Structure formats: structure tokens, C-alpha cells
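A short worksheet on the structure shown next.
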Amino acid sequence: MFEFPQWINYSAKSNLALSNNKIDLNRATIDQLVKVYGIGAYRANQIINYRDGTPGGFADLIELHGINGLSQEVIDGVGEQFEILNPRKINKIKAHSAAIEQWVTIPFIDYELARNILEQRSLHGGILNEDILSKTINLPIDKLGIILLYLDFSDQ
């Protein structure tokens, strides 16, 4: 029986192009991105600048909602051709006990919004979940998916 030598490691996750023909978004080039319907050189540059401006790159495809001008249809198209092989690690905060200083470290949350979130949590007896959070005044609903990447709702 034939066996590969131990020094050969054929991990699909180590390849740029996977067996399902998807490309790692954290390594994608402008030329690869412009092949998606609705993405020209400008939008491809926006995606790469967002990725490169975030230490560790993308953690999830949902972060494409943080790039202005990308429609859901375009984001879906990106998801059909790209995936994230080595997502950056996100240190989640405990939603039910986090202080305001922790909330403001989350993208799209400023002090005013953090105060509104803490008020919602207080009104619900210290409990906060996705449904309660989504009803918070001034919460950018289109960014909720990104915000949720940073939250841990366990132990509630």
C-alpha cells in the first residue's frame, strides 16, 4: 500500500485555491476580485484596503457589510467565489457583563450606542441577546452581523 511521506502535508486549507474552487479572501488579488459581478477595480481596492487595514484580515464574510457600496447581491457573489481559510481571532466580550469601555472596542459602536445597549440590558434584567440588541436605539442594523462576531451571549 502506497503512503505519502510524512513531510508531505496536503491540507486543503493551506492552498490558495480549494478543491471547491473557492479562493481565500484574505489572500485575494484585485484581479481575482474583479471577476465577481458588480466589483470593479475601485470596489476590489476597497475590499483589499479593508482587509489589509485590519490586523489578521477578515474573520468572516459578514465583514463585507462594513464596506460602503457593496450590495447584498455583490456580497453573495463574493461568497460564491471566496471563503476565509484562516480567519483572524476575535476576542469576544461577554454581552451580559461587559462594561462600556469594552463595548466601544467593537466596530460601529461608539459611547452613545454603548450607553443605549447597556440601558437595554438593564431594562431586561441584565439579559442581552440578539433580539434585544437589535431593538437598541441607533444600532446600525445593517452592521449587526459584524457586531455579533464580537459578542458572547453564553452564561445568561
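Summary table
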read-out	value
Selection within the stretch 95-136 - in contact (Cβ under 8 Å) with a residue 24 or more places away in the chain and surrounded by fewer than 12 Cβ atoms within 10 Å (Cβ to Cβ)	112, 126
Tabulated pairs, the stretch 40-64, first without any contact (Cβ under 8 Å) to a residue 24 or more places away in the chain, second assigned to a helix (DSSP H, G or I) and charged (D, E, K, R), C-beta under 9 angstrom, 6+ apart or interchain	44/31; 50/63
Sole exception among (1) more than 18 Å from residue 147 (Cα to Cα); (2) at pLDDT 95 or above for residue 113, by number	(1)
Hits in the stretch 62-75 (condition: in a helix (DSSP H, G or I), under 19 Å from residue 31 (Cα atoms) and either under 14 Å from the mean Cα position of the chain (by Cα) or aromatic (Phe, Trp, Tyr) (or both))	64, 75
Residue count for the stretch 99-155, restricted to those that are of a type in the set (S, T, N, Q) and touching a Ser or Thr at 6+ places or on another chain (Cβ under 9 Å)	2
The stretch 2-37, subset assigned to a strand (DSSP E or B) and hydrophobic (A, V, I, L, M, F, W, C), residue modelled with the highest pLDDT	23
Residue in the stretch 41-75 that is surrounded by the most Cβ atoms within 10 Å (Cβ to Cβ), counting only those that are farther than 24 Å from residue 151 by Cβ and charged (D, E, K, R)	43
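The values are calculated or read from the model by the stated rules, or taken from the named source; none is laboratory data. If you're wondering where the values come from, they're calculated on a predicted model, not measured in any experiment. All Cβ positions, glycine included, derive from the backbone under ideal geometry; neighbour counts span all protein chains shown.
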